[in-house]
Amino acid sequence: MKIYFATGNPNKIKEANIILKDLKNISVEHLKCPYPEIQGTLEEVSEFGAKYVYEKIKKPIIVEDSGFFIGALNGFPGTYSKYVQETLGNEGILKLLEDIEGENRKAYFKTVIGYCDENGVKLFKGVIEGKVAHEIRSKGYGFAYDSIFIPDGEDRTFAEMKTEEKSEISHRKRAFEEFKKFLYNKIIK
Ligand code: ITT
Ligand code: NA
């Protein structure tokens, strides 16, 4: 079975390939099929995108919408993560959190995968909690907010971990694990 992953972000393809490498009988292929990103929650964006891409190609497809949510900023940048990364950037985010300490630096990443086939849309979610670092820290791994996010139980930022290590625990990993369970049941049935 082939599943097409519609995304314009090559980092997601790299991570998905690592996470899904043990999938038997299923191959995930990169698809370049832009879809409108409606204004709304990650769930709404993924559901709309999955239906839209499925209507275009009529084959099993996934899309994925993710965001970075900072507690002290009431969840900002959240669904504006892409725009904020391109404008404020990590420096700007650290500046906003200058006077914020300890527990108040809590943040999380969330991913919502939207899968669509002839039976309609299903959503799969993954979250990882952690905190915002006090400075940008990277060994050149990861992308976007990875260099300012320290997952709970770790001292390193995501950008200081090899992609394989990030992909053991990430929001994306957790969402894809849920998706895998669904796929296995589908195949067994
Ligand atoms: P699509 O084509 O798949 O939509 P995108 O880059 O627009 O790619 P999202 O809308 O899902 O992806 O994510 C919004 C932004 O959140 C993304 O551009 C990054 O800035 C950030 N982001 C998403 N996943 C991340 C991760 O694992 N680590 C760090 N930043 C991430
Ligand atoms: Na997106």
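Key figures
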quantity: Among the residues listed as Lys32, Lys58, Lys2, the single one being at pLDDT below 95, more than 20 Å from the chain's Cα centre (by Cα) and more than 17 Å from Ala175 (Cα to Cα); calculated: Lys2
quantity: Tally of residues being without any contact (Cβ under 8 Å) to a residue 60 or more places away in the chain and within 8 Å of ligand 1 (Cβ to nearest atom) across region 57-68; calculated: 3
quantity: Only listed residue being aliphatic (A, V, I, L, M), crowded, with 20+ Cβ neighbours inside 10 Å and in a strand (DSSP E or B), chosen from Val112, Val127, Val121; calculated: Val112
quantity: Neighbours by Cβ (under 9 Å, 6+ apart or cross-chain): first from region 25-54, closer than 18 Å to Asn9 by Cα; second part of a helix (DSSP H, G or I) and aromatic (Phe, Trp, Tyr); calculated: Cys33/Tyr52; Tyr35/Phe48; Tyr35/Tyr52; Pro36/Phe48; Pro36/Tyr52; Glu37/Phe48; Ile38/Phe48
quantity: Qualifying residue in region 104-111 (condition: away from ligand 1 (no atom under 14 Å from the Cβ), closer than 17 Å to Gly75 by Cα and charged (D, E, K, R)); calculated: yes
quantity: Residues (surrounded by fewer than 20 Cβ atoms within 10 Å (Cβ to Cβ) and either part of a loop (DSSP other than H, G, I, E, B) or aromatic (Phe, Trp, Tyr) (or both)) located in region 5-19; calculated: Gly8, Asn9
quantity: Residue ID - farthest from Glu37 (Cα to Cα), chosen from residues in region 54-95 that are in contact with a strand residue (DSSP E or B) (Cβ under 7 Å, 6 or more places away or on another chain), in a helix (DSSP H, G or I) and among the hydroxyl-bearing types (Ser, Thr, Tyr); calculated: Tyr54
quantity: Residue tally, condition away from ligand 2 (no atom under 15 Å from the Cβ), in a loop (DSSP other than H, G, I, E, B) and within 18 Å of Lys122 (Cα to Cα), over region 21-43; calculated: 1
quantity: Close pairs (6 angstrom Cβ cut-off, 6 or more residues apart or separate chains): at pLDDT 95 or above in region 69-81, charged (D, E, K, R) anywhere; calculated: Gly71/Lys106
quantity: Lone qualifier among Lys186, Lys180, Lys166 - being more than 16 Å from ligand 2 (Cβ to nearest atom), crowded, with 20+ Cβ neighbours inside 10 Å and under 19 Å from Leu20 (Cβ atoms); calculated: Lys166
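The values are calculated or read from the model by the stated rules, or taken from the named source; none is laboratory data. For clarity, every value in this text was computed on a predicted model and none was experimentally measured. Note: ideal-geometry Cβ built from the backbone for every residue, glycine included; neighbour counts use all protein chains shown.
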